[in-house]
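Bear in mind that the values in this text are calculations on the coordinates, not laboratory data. Remember, predicted model here, so these are calculated numbers, not experimental data. Note that we place each Cβ from the backbone using ideal geometry, even for glycine, and neighbour counts take in every protein chain shown.
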There are 2 protein chains.
Amino acid sequence: MKTGPLSGFPEWLPEQRIVEQALLDTLRRQFELFGFAPIETRAVEPLEVLTQKGATDKEIYVLSRLHADEGEGDKGLGLHFDLTVPFARYVAQHRGKLAFPFKRYQIQKVWRGERPQKGRYREFYQADIDVIGQETLSIQHDADMVRVLHSVMGALPVGAVTIHINNRKVLEGIYRALGVEDVVPVLRTVDKLDKIGPEKVREELAELGLAPGAIDTVLAAGEIRGADEGVVEAIRALGVSHPILDEGLDELGFVLRACADLPAGSVVADLHIARGLDYYTGTVYEGLLDDEPGLGAVCSGGRYDNLAAMGGKAKLPGVGVSIGISRLLGQAFAQDSLVASRQTPTCVLVALDNDERRAAAQVAASALRARGIACEVFDRPQKYGKQIKYADSKGIPFVWFCGDAGAADTVKDIRSGEQVEATADTWQPPAEDLHPRVLRR
Amino acid sequence: MKTGPLSGFPEWLPEQRIVEQALLDTLRRQFELFGFAPIETRAVEPLEVLTQKGATDKEIYVLSRLHADEGEGDKGLGLHFDLTVPFARYVAQHRGKLAFPFKRYQIQKVWRGERPQKGRYREFYQADIDVIGQETLSIQHDADMVRVLHSVMGALPVGAVTIHINNRKVLEGIYRALGVEDVVPVLRTVDKLDKIGPEKVREELAELGLAPGAIDTVLAAGEIRGADEGVVEAIRALGVSHPILDEGLDELGFVLRACADLPAGSVVADLHIARGLDYYTGTVYEGLLDDEPGLGAVCSGGRYDNLAAMGGKAKLPGVGVSIGISRLLGQAFAQDSLVASRQTPTCVLVALDNDERRAAAQVAASALRARGIACEVFDRPQKYGKQIKYADSKGIPFVWFCGDAGAADTVKDIRSGEQVEATADTWQPPAEDLHPRVLRR
């Protein structure tokens, strides 16, 4: 029987799942603080939705039924590979029942039939937020995304994150001013600057037909970065002009001004961020860990004009970002840098002296639970040493002993050995022991 | 483009997802209070694990890659159809790293390629708890399951639930005493008592070769029910005896005694509960809504001796139950009996007067969020009436107005129209308005 791991399908031990849950809880709490409403979409979409133009270059898992008869339905369904396409379909489907601008978050597993490699999974969590408007969507939401990302990433135990932003219109405006007609291949090439370096980018741009002078300008633009509106001046200083560039600079300037109150270093305009996916049309985002830029973007996204207008006539413009929580966790677990303080929610093990004491033990346990203290009763009478050993093996900090006829109960901190009299109706563990904690090391 | 619903794959609006999340949160909190640790397994298992003997008679969804080359891997993977089989595989795989008895909860979607019908889905949530021991597992855990179910179901907004219990050994002992050699078909027939009635059961038992006198005893046994050890006496009064019956009666008596402190009517021994799945070997459970018994079991489970011994030599006996949360929700949404008090987490909409006030609005919003009050800033200057209308459309209870130069901020409860002076550093909404609530009606 194949009981081993499957490559690309990560699975965690309970103490790791506790860490994962804590991080997912943090994401949820932060998203909700900013007014994003929860949705969950089915894991399955029609293939024609998944494979529509521009949706993905990822490999899709297709479903079939094990004992399906010839000609039966269920053909043409696949597992979603991201949360953006299902969200677009959801908005198109439920449009009449949603209030706009519609702000939603969505934290779910997605599946990609890719060749597994470091930092790439076949099954993993994505955590997405998006805002969708009807016909128009205020640029304010582009700035809000930075604010949410700053807040969310700051609440995760992963160290400082710098959010790099750019605007596709700025790049498109520059390229068009330089005479480029097919902008997307140039964007994709510039997006690889970090990966393949400027010389290779120069070669590829030449292959795309750009003149040496234009390439110089493209590369000079790619090097521009800065945290304030000085960036806009630097772009103007490139000496090119185009209406789309003006529009992009207005938007980029707005976002930078709106984020001026965030701590220095948390946001930076960075013109070499282009995002490969071609449905972005305005602001784009990439968040990098200050301590581990080599891990790549741990969150990313952008503004799109048309994605959610699936089959409909009216425009549903949106802006959104996605947080790669599985990548962060995979890295943290590989480095053992995030651990739970114990492998069970149990705070107190109620010891069992003998069979006649089961009822008393249950009473104590119920009283503790009624006040939110997680506990379990040891399942059979045994030497206290064995019961303490069980607690220790799971990291349960306290063992409760029911007092004999008339005697008070006692509770022992098995880490320090300290044992005190207590009643289950009032005893309180230290706040840091109530639930398992996430420790960063 | 197919943007419509897919039969059997339910999907909820934000206000319904808020209800679903609240119920899932309640399950999680309850499971943790009883010391169950969280795990999550991959959605995918090798087909040989999913189709092993006795695992399922359900239809499985098989995966393939859309662009897979001939001869490529990834063959023989399917989506899990429950959480018990993946859990058994998980325990077999990670055995050396788990502390036993291992108590886990697992709340995940499962998939079944069944024909969709009322109350049956192709994608739905299951919420499972199990305890697994090494070689032996105390009968105390069988009793604990009743206690957890009582507590969990009591915490859900679904009305009173009665937990029906039985013990497979009691039935097996009776049947063997009556000369039945192949017990499982008889169990399966008795399990259909509610569905097909005693006359049809009588016919089927006769077809299985039972003599009329034996059938009388089987049916008489099926009618026995009661909340205390009187049940054990009633079974003895059937006048049959067998060592397996004695064992079953000891276990059933233990569980009833251990649950004697639960409120009257919450647990009942009910000998016609047999559970169709043939891997149960001892205690079995079925929970029914007192108000809607016709909905069928909303939670169920039992004791098994060998399920988790996947490919290994040593026995890993366990006991567990599963809560059908999607069935409960589907019913509640169809009846409109569970609703969220609003469709967004947002408690306060910060109104935007004009572009110059954006910074002030952000400061107020940040101060509110810092104290856990979910809020959003309106995205563009507009007439206050339009901003209030937006809040109203989403059920946001409060609108915040930043005071002009020197004037105090005010906050308006748009339900009552009451407007008061407030500062974002201290103002607190009524506790019931802080988060969306689940209302039962």
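Can you bin segment B:205-323 into rounded, prolate or oblate? Criterion: square roots of the alpha carbon gyration tensor eigenvalues sorted a ≥ b ≥ c, rounded for a/c under 1.5, prolate for a/b above b/c, oblate for the rest. Verdict is rounded for segment B:205-323. Taking amide H atoms as placed 1.01 Å from N in the peptide plane, the amide H of residue A:352 lies under 5 Å from those of A:378, A:382, each 5 or more residues away in sequence or on another chain. Shown for A:233, A:45: other C-beta atoms within 10 Å of each C-beta, ranked fewest to most, produce the order A:233, A:45.
Taking every alpha-carbon pair under 8 Å whose residues sit at least 6 apart, segment B:285-441 reaches a relative contact order of 21 percent. Note down the net charge around residue A:43, summing +1 for each Lys or Arg and -1 for each Asp or Glu among other residues with Cβ under 11 Å from its Cβ. Summing Lys and Arg as +1 and Asp and Glu as -1 gives -1.
Within 10 Å of the Cβ of each residue in A:26-37, the mean number of Cβ atoms contributed by other protein chains is 6. Placing a label point 7 Å from the Cα of residue A:392 along the Cα-to-Cβ direction, the distances to the matching points in the other copies come to 6.6 nm, shortest first. Counting only residues at least eight positions apart within a chain, or on another chain, the aspartates and glutamates with an alpha carbon under 12 Å from that of residue A:53 are A:278. Taking other Cβ atoms within 10 Å as a rough exposure proxy, A:169, B:53, B:2 sort from fewest to most as B:53, B:2, A:169.
Other residues whose C-beta falls under 15 angstrom from the C-beta of residue B:207 contribute a net charge of 0, scoring Lys and Arg +1 and Asp and Glu -1.
The orientation-averaged projection of the convex hull spanning the C-alpha atoms of segment B:369-432 amounts to 4.9 square nanometres. Candidate cross-link partners of residue A:169 among the lysines, defined by an alpha-carbon separation under 20 Å and a same-chain spacing of 8 or more, comprise A:192, A:315. The aspartates and glutamates whose alpha-carbon is closer than 18 Å to the alpha-carbon of residue A:383, local same-chain residues fewer than 8 away aside, are A:353, A:355, A:356, A:392, A:404, A:409, A:413. Under a 5 Å amide H cut-off, with hydrogens placed 1.01 Å from N, residue A:281 pairs with A:303, A:304, A:305 among residues at least 5 apart or on other chains. Taking the helices alone, chain B has a mean residue ellipticity at 222 nm of -11000 deg cm²/dmol, built from -39,500 (n - 2.57) per DSSP H run of at least 4 residues and averaged over all its residues.
Relative to the longest principal axis of the Cα atoms of chain B, helix B:140-155 runs at roughly 40 degrees.
Stretched out straight at 0.36 nm per residue, the stretch from residue A:370 to residue A:155 would grow longer than its current Cα-Cα span by 74.4 nm. Amide H to amide H, with H built 1.01 Å from N, residue A:437 comes under 5 Å of A:341, A:342, counting only residues 5 or more places away or on other chains.
Once a ≥ b ≥ c are taken as the square roots of the eigenvalues of the Cα gyration tensor of segment B:1-144, is the result rounded (a/c under 1.5), prolate (a/b larger than b/c) or oblate (a/b not larger than b/c)?
oblate
Taking the convex hull of the alpha carbon positions in segment A:14-339 and averaging its projected area over all directions gives 18.8 nm².
Each of B:129, B:146, B:61 was scored by the projection of its Cα onto the charge dipole of chain B, and the greatest displacement toward the positive side belongs to B:61; charges sit on the C-beta of Lys, Arg, Asp and Glu.
The residues packed around residue B:198, meaning those with a beta-carbon under 14 Å from its beta-carbon, carry a net charge of -3 if Lys and Arg are +1 and Asp and Glu are -1. Paramagnetic label reach from residue A:29 (point 7 Å along Cα→Cβ; backbone nitrogen cut-off under 11 Å): within segment A:147-181, residues A:155-156. Of interest is the spacing of the C-alpha centroids, which for segment A:146-161 and segment A:173-208 amounts to 31 Å. Look at A:138, B:393 and count the other Cβ atoms within 10 Å of each Cβ; fewest to most, that gives B:393, A:138. The label-point distance for residue A:425 and residue B:66, in a model that sets each label 7 Å from Cα toward Cβ, rounds to 6.4 nm.
Relative contact order, whole percent, for chain A stands at 16, derived from Cα pairs under 8 Å and 6 or more residues apart.
Applying a threshold of 23 Å to the alpha-carbon distances of A:58/B:2; A:103/B:386; A:386/A:412; B:109/B:394 flags B:109/B:394 as lying beyond it. Legend: calculated FRET efficiency, residue B:363 to residue B:135, from the Cβ-Cβ distance at R0 = 56 Å, rounded to 0.05, equals 0.35.
Set against the 2.2 N^0.38 Å expectation for a compact globular protein, the protein assembly as shown has a Cα radius of gyration ratio of 1.05.
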